[in-house]
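Asks: So that we are looking at the same thing, I have put the structure below in structure tokens.
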Amino acid sequence: MRTIALLGCGWLGFPLAQQLLQAGFRVNGSTTTSGKIFSLTQAGITPFLLELNAQSAIGDWNGFLADAEVLVVAIPPQLRGANPENFVAKMQLLLENMRLSGCKKVLFISSTSVYPDQNQLAIETDTKGFDSQLVLAENLFLSADFCQTTVIRFGGLIGADRHPVRFLAGRTQLENPEAPINLIHQDDCLAILHHCIQLPFEDQVYNAVAPYHPTRAAYYTQMARALHLPIPEFDFGKHSIGKTVSSEKLSTQLDYTFLKPTL
């Protein structure tokens, strides 16, 4: 039975683990919270209580990575707020533990936030020369000589229990009304990750955003009405900045068809 090591069993990681188990994989799943050990076990996931920061990797990392064919990195970086982390150093330590384990394939979940808002069509090579922590972390894995890495840059995440319009409802003076949306549904996120795990691994980067890019004002107004929420009000007095993220490479090179091309 093939083993997948899943670092992070959160909003994406936990349902991905469930799908992989149903497909016949063995899943080692990590958590930083002892209270989640029982729920992971109940789901059929082999649980590991692990902690990773810029200085140390605490827990049974050898056991977590033992016999793993693929390591899925599904932990979002904490780059904002009062105490932003050194995500690059954290990933460097993870990579060192992986080197010792013998695992040679990585599926690294990243974000389209790596692209600046310059009213451009953003493709995968548009981060050359950037030094954001996410890009630097991606490059750590992509340049490692002992493993092959697939990087998936997801757009804004939505799902049955998660939609950004709920945070915007009723707010006023919202900026960038004419900027396009770049979102992806959880169902597509899971399908893409599962699809990638079953393909040959190469050092490649793919954008993953639904091919649906109405303006922020049009989309969130429509969704607020559909969900019977207060309509958000946008400031049309300022120039809008944004980007349109292309997923053409994902669709063509990996032959992926979006389950929810409109959102």
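Asks: List pairs: first residue in region 237-258 and open to solvent by less than 90 Å² (accessible area, probe 1.4 Å), second residue among the hydroxyl-bearing types (Ser, Thr, Tyr) and outside any loop (DSSP other than H, G, I, E, B) anywhere in the structure, Cβ distance under 7 angstrom, at least six positions apart or on different chains.
Replies: Listed pairs, sorted by first residue: Val245/Thr112; Lys249/Tyr206; Leu250/Tyr206; Leu254/Tyr206.
Asks: Then there is this: Within region 15-25, track down each residue that is in a helix (DSSP H, G or I) and surrounded by 14 or more Cβ atoms within 10 Å (Cβ to Cβ).
Replies: Pro15, Leu16, Ala17, Gln18, Gln19, Leu20, Leu21
Asks: Within region 175-191, can you find the residues that are open to solvent by 10 Å² or more (accessible area, probe 1.4 Å) and farther than 25 Å from Asn139 by Cα?
Replies: Glu175, Asn176, Glu178, Pro180, His185, Gln186, Asp187
Asks: Let me ask you something else. Can you tell me which of (1) open to solvent by less than 60 Å² (accessible area, probe 1.4 Å); (2) of a type outside the set (A, V, I, L, M, F, W, C); (3) touching a Ser or Thr at 6+ places or on another chain (Cβ under 8 Å) is the one Thr3 doesn't meet?
Replies: (3)
One line per residue, one yes/no per condition, for (1) under 21 Å from Gly13 (Cα atoms); (2) surrounded by 15 or more Cβ atoms within 10 Å (Cβ to Cβ); (3) of a type in the set (A, V, I, L, M, F, W, C):
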site: His163; (1), (2), (3): yes, yes, no
site: Leu193; (1), (2), (3): yes, yes, yes
site: Val205; (1), (2), (3): yes, yes, yes
site: Thr215; (1), (2), (3): no, yes, no
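Asks: Restricting region 175-199 to residues that are among the aliphatic types (A, V, I, L, M) and outside any helix (DSSP H, G or I), which is farthest from the chain's Cα centre (by Cα)?
Replies: Result: Ala179.
Asks: Now for a separate question. Can you pull out every residue in region 128-149 that is in a helix (DSSP H, G or I) and of a type outside the set (A, V, I, L, M)?
Replies: Answer for region 128-149, where residues must be in a helix (DSSP H, G or I) and of a type outside the set (A, V, I, L, M): Gln133, Glu138, Asn139, Phe141.
Asks: If you don't mind, another one. With the checklist (1) more than 15 Å from the chain's Cα centre (by Cα); (2) assigned to a strand (DSSP E or B) in hand, flag the one item Thr172 doesn't pass.
Replies: Condition (2) is where Thr172 drops out.
Asks: Quick one: which helices (runs of 4 or more DSSP H) lie wholly within region 26-127 and hold at least 2 residues that are at pLDDT 95 or above and open to solvent by less than 40 Å² (accessible area, probe 1.4 Å)?
Replies: 61-65, 87-101
Asks: Turning to a different aspect of this structure: Run Gln222 past the list (1) free of Cβ contacts under 8 Å to residues at least 12 places away in the same chain; (2) touching a strand residue (DSSP E or B) at 6+ places or on another chain (Cβ under 9 Å); (3) assigned to a helix (DSSP H, G or I) and report the number of the one that doesn't hold.
Replies: (2)
Asks: Then there's this: Residues Leu65, Leu50, Leu21: which one is touching a residue at least 60 places away in the same chain (Cβ under 8 Å) and in contact with a strand residue (DSSP E or B) (Cβ under 8 Å, 6 or more places away or on another chain)?
Replies: Just one listed residue meets the conditions, Leu65.
Asks: Counting just the residues of region 150-169 that are of a type outside the set (A, V, I, L, M, F, W, C) and part of a loop (DSSP other than H, G, I, E, B), which one comes out farthest from Pro232 (Cα to Cα)?
Replies: Once the filter is applied, the top-ranked residue is Gly155.
Asks: Only one of Gln78, Gln22 is polar (S, T, N, Q), in contact with an Asp or Glu (Cβ under 9 Å, 6 or more places away or on another chain) and under 22 Å from Gly159 (Cα atoms). Can you tell me which?
Replies: Only one candidate passes the filter, namely Gln78.
The values are calculated or read from the model by the stated rules, or taken from the named source; none is laboratory data. Note that the structure is predicted; figures quoted are calculated from it, not measured. A quick note on method: Cβ atoms are made from the backbone with ideal geometry, for glycine too, and the neighbour counts reach across all protein chains shown. Protein only, heavy atoms only, side chains kept; ligands, DNA and RNA dropped before computing areas. Shrake-Rupley method; radii C 1.70, N 1.55, O 1.52, S 1.80 Å.
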